[in-house]
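Notes follow the structure.
Throughout, read-outs are computed from the coordinates displayed, never taken from laboratory work. Predicted, not measured: the structure shown is a model, and the values here were computed from it. Cβ placement follows ideal geometry from the backbone for every residue including glycine, while neighbour counts extend to all protein chains displayed.
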Amino acid sequence: MAGTMLAAVKTKPQSGAVELLQVPTPAPKPHEVLVRVKIASICGTDVHIYDWDEWAQARIRPPLIQGHEFAGEVVELGKEASLVNVGDYVSAEGHIACNTCYQCRTGNAHVCRNVQIIGVDRDGAFAEYVTLPEENLVVNPANLPLEMATIQDPFGNAVQTVFSADVPGNYVAIFGLGPIGLMTVALCRAVAAGKIFAIGHRNEYRLKMAEKLGADYVLRSDAGLPEAIDRETEGRGVDHVLEMSGSPEAFNLGLKIVRPAGGVHVLGIYPEPFSVDVSSDIVTKGVSVHGIHGRLMYETWYRMAGLLTSGRLDLAPIITHRFAFKDFPEAMEVMKSGRAGKVVLYMEEGA
């Protein structure tokens with residue numbers, strides 16, 4: 001498809017420096033597909049790139065079109081693509097695996113050693129069109145609303161974390177109430193956790209959202225947390241900690257409140273190395289620590305489809321702000337404020 005398209009381009013290696021520009025519409029390679037983006041959503045990774053923090057400085061090479069959470073319609077196939085059809089309603093797994101390393105060949109492509117990420121290592125979906133390898137596309141159920149389709153990438157992180165633990169009937173503590181943590185609260189409610197402890201720090205907006213989404217207890221990490229957990233679990237502690245915050249303090253608090261022989265499931269990414277009392281808090285307690293990265297490819301996507309169309313899970317309250325794509329700078333500022341859940345961008349006016 002010749003011509004140009006509107007895209008949000010990180011143009012320079014500095015804070016901000018994202019411009020809405022007309023750029024050439026990409027052409028799909030033989031095993032790629034061109035997708036017309038209908039909706040996209042802003043991720044914390046996009047904020048890191050926008051702010052140009054240390055991680056972004058080490059990883060990102062401008063110019064780059066950001067964005068990896070989206071839904072849209074297949075409009076063109078590469079000459080050797082055959083896994084999807086023009087007109088299909090799709091989202092995409094944002095991690096592009098090499099399919100040749102040891103991890104990929106042993107069923108662990110989600111931790112591929114040579115992974116590329118859409119909107120990080122190659123142009124992404126904050127644009128009218130995006131090209132992707134055909135195997136990364138997932139055809140959405142026809143009845144899945146656009147706003148649910150666009151948040152499947154982050155929801156998949158919540159799904160893999162929750163299902164790495166034994167949640168039904170058990171006591172669960174969720175650290176970190178960003179959008180993925182909030183999704184985790186709703187999911188733990190849907191799969192019948194015994195008690196849900198949602199633990200934040202300073203963001204009152206998201207503490208209130210956690211309560212709305214079904215947390216039994218909404219607690220602050222800096223306000224007598226171990227004592228509160230001890231009281232509300234009759235001295236037992238929680239069975240599982242789901243650590244979404246990326247805070248060293250939260251990780252260590254999680255080790256204190258998890259019961260002996262419990263589990264700590266870690267999705268958070270930490271800004272620097274930190275100390276842990278391994279002997280007292282892990283070894284002699286018999287605690288299991290499980291690292292979570294992305295989504296299982298593609299088991300998590302099939303599970304998500306069932307959850308999102310089951311009628312027993314309501315993630316709609318997490319979508320708090322909607323913008324036209326042309327208002328991208330304003331949408332990013334809302335996301336950065338912390339007074340938001342998920343912020344979505346509609347590519348078409350009046351959508």
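At a glance:
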{"item": "For segment 171-231, average projected area of the Cα convex hull in nm²", "result": "3.6"}
{"item": "Virtual spin-label span in nm between A192 and C101, 7 Å along Cα→Cβ", "result": "3.9"}
{"item": "Value of [θ]222 nm, deg cm²/dmol, for the chain, DSSP H segments ≥ 4, -39500 (n - 2.57) each, nearest 500", "result": "-7500 deg cm²/dmol"}
{"item": "Mean projected area (nm²) of the alpha-carbon convex hull when segment 208-264 is viewed from all directions", "result": "4.0"}
{"item": "D277 paired with D314, simple spin-label distance in nm, labels 7 Å along Cα-to-beta-carbon", "result": "4.2"}
{"item": "FRET E, pair W55, E330, Förster distance 30 Å, beta-carbon r, rounded to 0.05", "result": "0.80"}
{"item": "For segment 1-29 versus segment 31-100, the gap between their alpha-carbon centres in whole angstrom", "result": "13"}
{"item": "Descending semi-axes in whole angstrom, ellipsoid equivalent of segment 1-148, from the Cα gyration tensor", "result": "24, 20, 15"}
{"item": "Which of L253, Y205, T284, positive extreme of dipole for segment 155-291 (C-beta unit charges)", "result": "Y205"}
{"item": "Two-site FRET efficiency, A305 against N85, from Cβ-Cβ distance with R₀ of 25 Å, rounded to 0.05", "result": "0.90"}
{"item": "Theoretical gain in end-to-end length, A17 to R236 [0.36 nm per residue, Cα-Cα removed]", "result": "73.8 nm"}
{"item": "Flagged links, alpha-carbon separation over 30 Å, of K195/K342; K212/K336; K12/K342; K79/K326; K29/K336; K285/K342", "result": "K79/K326; K29/K336; K285/K342"}
{"item": "Volume of the Cα convex hull of segment 155-291, divided per residue and given in Å³", "result": "96"}
{"item": "The chain: radius of gyration and largest Cα-Cα distance (Dmax), Å", "result": "20.4, 66"}
